[in-house]
Amino acid sequence: MQPRFRNWHVQLALLPAWLIVVFAYLGTMVFTVRMSFTSSKGIPIMDDVGLRQYDRLFHTDRWTISVENILIFGLLFILGCLVLGFLLAVFVDRLARFENTLRTIFLYPLAMSFVVTGLVWQWILNPALGLQANVRNWGWTSFTFDWLEQGDRAIYLVAFAGIWQSCGLVMAIMLAGLRGVDQELWKAARIDGIPTWRIYLHIIIPALAPMFITATLLLATAVVRSYDIVVAMTAGGPGISSEVPAKFVIDFLFTRQNIGLATAAATVMLITVLVVLMPWLYLQYFRSAPGARRAA
Amino acid sequence: MASVSVRRLAVSFGHVKVIENLDLEVEEGEFIVLLGPSGCGKSTLLNTIAGLIDIEAGQVWISGKNVTWTEPKDRGIGMVFQSYALYPRMTVQQNLSFGLRMAGVPRAEIEARVAKAAKLLQLEDLLRRRPAELSGGQRQRVAIGRALVRNVDVFLFDEPLSNLDAKLRNELRVEIKKLHRDLGNTMIYVTHDQIEALTLADRIAVMRNGVIQQLATPQDVYHRPKNQFVAGFIGSPTMNFLTGRLILGAAGPTLDLGSVSIDLSAYGFARQSSDVPAVLGVRPEHIDLGAASPGHFAANGKVEIVEPMGADMIVWSRIADTPVRIRVDGDSAFRNGDDIAFHFDLARASLFDAQSGERL
Amino acid sequence: MRRFLSLGLIGAALSLGAGPALAQGKLRAEIMHWWTSGGESAAVQEFQKAFNAAGGEWVDAAVAGGGGDAARTAFMNRLAGGNPPTAMQFNTSKQFDDVIAAGQLIELDDVAQKDGWKGAVYGPVMDAVTRNGHVYAVPVNIHNNIWLWYNADVLKKAGVAPPKTWDDLFADFDKVKAAGVVPLAQAGDNWTKALTFFNVLLGEAGPPLYLKLFKDLDADATKTPEFKHVLETFGKLRNYVDNGVQGRQWNQAIGMVITGQAAFNFMGDWAKGEVVSAGQTPGNPVGCIAGLGHPAYWIGGDVFVFAKQSDPEAIKGQKLLAHVMLSKETQVAFNAKKGSVPARLDVDNSKLDICAQQGLKILSENKDVVKGFDLYLTPDGVGQVYDAIGQFWSDPNETTDQLAGKFAEILKNAKQ
């Protein structure tokens, strides 16, 4: 019997998985790209208007602002989470006695959805209700913190809330990494007289490179998906100053009833992610290829 | 002048006293091995000398200075660890030079020291590699090199060979011995391996439960163990112990084993004693086969088990119902049940108080 | 020809029997709407009572948020999934044109014929629910979106009278501000800012410019000095709000006027529902001005549409609901709570409050009555207007010329 037919029942068992991949993932992807070349409004139709939707997309202020915002948000969010998450992990690691308490505190925000995070911070940062109003009530009447009201500042607050929510996750990852660091490495560095911050900078952080890559990937997917935190915290405002691409897609898909433009935006997002991921995927493949030099 | 001096040292982890009232004097250029089973406090003692563990009481002096509260880097020590503890993302070159750069040593000086250490340890071809690209033996040589470039008086080794396979361990052991010969530094070396201890040490400190049982040359530790623990811990195969009662009769001292009595006239007593329960220790390699020489204790027995070990062979027999191991030549031909005659020299045996374990 | 991909119909065929069914002899109907604020839900109770009394069973499916955005999104999803609710609320606008074009709605011609909608319902509203001679929706009310609400007590305390002109308004603003009260309560959503903008456009410039812009889609009208003046006035309003705009809902904004925290608020007459549910009578102390400068009526309102169903009983329920919603008694009861005017004019309007009377007068004169801009623009176009206005409001560096340019672009696109 041919060996490839001997496992037919295994192939059969995998069939549903294959069907899901082909139809649910690839199928919808192809359909989305196809729709971006149509003039579909509220209901999908199958005509062909070429690149008209893309032309409009790149001439739409809202899209340009969304792209700018996702870059600002992404950069601040990822860097902020990595830096703060690592510092928290160091802090918890050095205060081993209170580790359980501290870890719970820092991980708590993660138990909240982005929606709740956004709402809570919207209340706190709302000048008329939250921080500013309270400080003024205490007597500092000139105190002003109204970034949420300022078009060019709101996205920074969104990034801040995102960092607040997600840095606990990074902390947990980094803490696991720190725990894996050989204790003798610390001793060796102390004998060498290396200052503690330099030990972290030159020895520990390089040793935690895989943790940083994992955390960055997790955070990057959160950035691409970022929608709920913006909706809950600013609803894209003031005006359209804190819009993000995912919200653009959803709004035009449903409320604005312009499926053509929405799918064009979704396609641009897909291509961007692929372009960013390609070198990394290639590198992964390249590095894990047989013959990688590594002595035992 | 003592190179390293530990005085009335006490160390506790929480409520557990690991070391209490310990004294140790290490001479300049001496190679001291701290030997003992795991949990005996030998690594703790070494870490205390390095300044990596806070002490509860006592003092540590290195090269004539009280360094009890001095930072590890300022104690004039270099240290090598079991896990090598190399800086993972740095090349060998960077591993060797990093500490010096942090200390602000001039660049030319760093290069000279690194080059010297690399030459001494045959690391010259590996300078551009990262630790992940090195074998275990190479990694440990780099770790030694990192201690070497510090130009210090005292080297501390914390079980440096335990992670290596037997062959590499033997090779590196010789290298360390050569290193000591060439450099002449004071070295304190922790191990649980008695072969390492016996081959390397000028003096061995055998430790148990945070207490140094005996601090002596390898010969003394081997031939004149201070107590039954040291006697049993050193030597392979283990020393034979015959338990009986010491009787100081008119005809001279004897050890009464019940059915057999051993004449102890030839034994050199370490101190005065009375009639007490006692244990006689005889090393397997000190028992000879054949007709007895004068003054030796002689016995007959049957071969019970034979363990060939290549160069040697261990033959199990009995004296007064106590099993004894006899080390014979590897070429001997014995079968179970063979009748054998054997004897040993009481001058080379050790006698211990059965209760305190102290040498009599 | 456009070929429609009738996802919804395929879905409906797959989920036969999942629709509304006859429960214990009652005609069960699931009604989706976005009336969730205090005044609104009190009004919707009136529909429920009337429908249940007529032998139906009202299943409420309210979806809050975004001035109906969330509810409309939910409806579109359920329609595409083949499980639409029995009835769905829309604004009197183009919002449901796509659904009609896709053949997803039932026609209500027989109910309209039998109940005599044609003569009774206010003409422009009847036009708004008719496509190609067929009636597709039940109009349930007429809203005027163009109202300025003020708190008379606050004005009195600041020593000013209710404004007659825009100059009066800004003079009042300054005095009120000096008295330590927020002059203008503004909500954060872009559609509420757009509503404020249309108050300025219709009140200051009058209906002709509005019609030229949105009915005729005349991009040149954006270059007129009148329009520039409108934009400048609108821009000036930003100086009189507090800095809690972002994140504030429309009902919180009118609430500020009701409680005296703020003096003025631009909002449609559904704001009156909040006044009533706060236990106040419209006119005291919260007064109303329909179109400051030029009294005007921007017809807005709500309609209900009925998605096609496979179950004949369900269709019976839909027709019963349509009948009940537009019956005279229900209309009076509902609109008294909702703050709007009944969709049919042949009912007793004497009991309506003074704000409603003010609106009715404009309606009956039929001179300064305009249709909402969402009847002229697609949801996409409406969204572009919201974006442009929202962006202008939040960016102090944007000039009125830039905003006018954006309007010109939107109108040009809409004309294609």
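Data table
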quantity	calculated
Partners for C:K412 among aspartates and glutamates (Cα-Cα distance below 17 Å; same-chain residues under 8 apart left out)	A:D55, A:D61, C:D216, C:D218, C:D220, C:D374, C:D380, C:D387, C:D401
Under Karplus coefficients 6.51, -1.76 and 1.60, residue-wise ³J(HN,Hα) of the range A:121-133 in Hz, glycine/proline x	5, 4, 5, 5, 8, 5, x, 7, 10, x, 3, 4, 4
Label point distance in nm, C:N284-C:D167, each placed 7 Å from Cα along Cα→Cβ	3.3
Rh by Kirkwood over Cα pairs, then Stokes-Einstein D for chain C at 1.002 mPa s and 20 °C, µm²/s	97
Unit charges at the beta carbon, dipole of the range C:284-416: most positive-side option, C:I389, C:Q318, C:H294	C:Q318
Cα gyration tensor of the range A:164-296 - equivalent ellipsoid semi-axes, whole Å, descending	41, 22, 10
Calculated on alpha-carbon atoms, Rg and Dmax of the range A:65-180 in Å	16.4, 51
Equivalent-ellipsoid semi-axes of the range B:240-353, from the Cα gyration tensor, Å, largest first	27, 13, 12
Only Lys, Arg (+1) and Asp, Glu (-1) charged, at Cβ; the protein assembly as shown dipole about Cα centre in debye	860
C:N366-C:E226 FRET efficiency (beta carbon distance; Förster radius 25 Å; 0.05 resolution)	0.55
Apportionment of accessible area to carbon and sulfur, chain A, percent (1.4 Å)	70
Distance-filtered residues of the range A:212-241 - backbone nitrogen under 15 Å, label point 7 angstrom along A:L71 Cα→Cβ	none
Simple Cβ-charge dipole of the range A:31-175, Lys/Arg +1 and Asp/Glu -1, about Cα centre, in debye nearest 20	260
Relative contact order of the range B:240-353, pairs being alpha-carbon contacts under 8 Å that are 6 or more residues apart, as %	31
Distance histogram in 5 Å bins (all Cα pairs of the range A:62-287, percent per bin)	1, 6, 12, 14, 15, 14, 12, 10, 7, 5, 2, 1, 0, 0
Relative contact order %, chain C, counting alpha carbon pairs below 8 Å whose residues are six or more apart	27
Calculated P(r) of the range C:335-389 - Cα pairs past 16 Å, %	56
Label point 7 Å beyond Cα of A:V21 along Cβ direction - residues of the range A:209-229 with amide nitrogen under 16 Å	none
Lysine pair count for the range B:2-233 [Cα-Cα under 23 Å; pairs on different chains or 8 or more apart]	14
Inter-site label distance for B:R107 and B:D202 at 7 Å from Cα along Cβ, in nm	4.0
Helix axis angle, B:136-148 relative to chain B longest principal axis, alpha carbon, degrees	70
FRET efficiency estimate (nearest 0.05) - Cβ-Cβ, A:M46 to C:K316, R0 51 angstrom	0.90
Base-10 log of normalised Debye intensity for the range B:82-181 (one unit scatterer per alpha-carbon) at q = 0.12, 0.14, 0.21 Å⁻¹	-0.36, -0.49, -1.12
MRE, 222 nm, helices only [DSSP H, n ≥ 4, -39500 (n - 2.57), over chain B, to nearest 500]	-7000 deg cm²/dmol
Packing-based ranking, highest mean first, of C:378-390, C:403-415 given that Cβ atoms within 10 Å are counted	C:378-390, C:403-415
Relative contact order for chain B, counting Cα pairs under 8 Å that sit 6 or more residues apart, in percent	15
Partner chain coverage, peptide A:227-240 - average Cβ within 10 angstrom	5
Set of the range C:320-352 residues, backbone N closer than 16 Å to the point 7 Å along the Cα-Cβ line of C:D110	C:320-324
Value at 222 nm in deg cm²/dmol, rounded to 500, when DSSP H runs of n ≥ 4 in chain C each add -39,500 (n - 2.57)	-14000 deg cm²/dmol
Förster radius 60 Å - calculated FRET efficiency between B:D125 and A:S39, Cβ distance, rounded to 0.05	0.30
Summed residue charge, Cβ within 13 Å of C:D242's Cβ, Lys/Arg positive, Asp/Glu negative	+2
log₁₀ of I(q)/I(0) at q = 0.07, 0.08 Å⁻¹ - the protein assembly as shown, Debye sum with one point per alpha carbon	-0.80, -0.91
Estimated [θ] at 222 nm from DSSP helical runs (n ≥ 4, -39500 (n - 2.57)) normalised by residues in chain A, nearest 500	-21000 deg cm²/dmol
Estimated inter-spin distance, B:V16 and C:R131, nm [label 7 Å along Cα→Cβ]	8.0
HN-Hα J in Hz across the range B:121-127 - Karplus 6.51, -1.76, 1.60, θ = phi - 60°, x for Gly and Pro	9, 6, 10, 4, 7, 9, 4
Contour minus Cα-Cα distance for B:D74 and B:A270 (0.36 nm per residue)	66.2 nm
Solvent exposure of chain B as accessible area per residue, Å², 1.4 Å probe	45
Calculated from backbone phi, Karplus (6.51, -1.76, 1.60) coupling profile of the range C:179-193 in Hz, x at Gly/Pro	7, x, 10, 5, x, 10, 8, 10, 8, x, 4, 5, 5, 6, 5
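The values are calculated or read from the model by the stated rules, or taken from the named source; none is laboratory data. Note that the structure is predicted; figures quoted are calculated from it, not measured. Cβ coordinates were reconstructed from backbone atoms using ideal geometry, including for glycine residues, and neighbour counts include every protein chain displayed. The accessibility values were calculated without ligands, DNA or RNA, using every heavy atom of the protein model including side chains. Shrake-Rupley method; radii C 1.70, N 1.55, O 1.52, S 1.80 Å.
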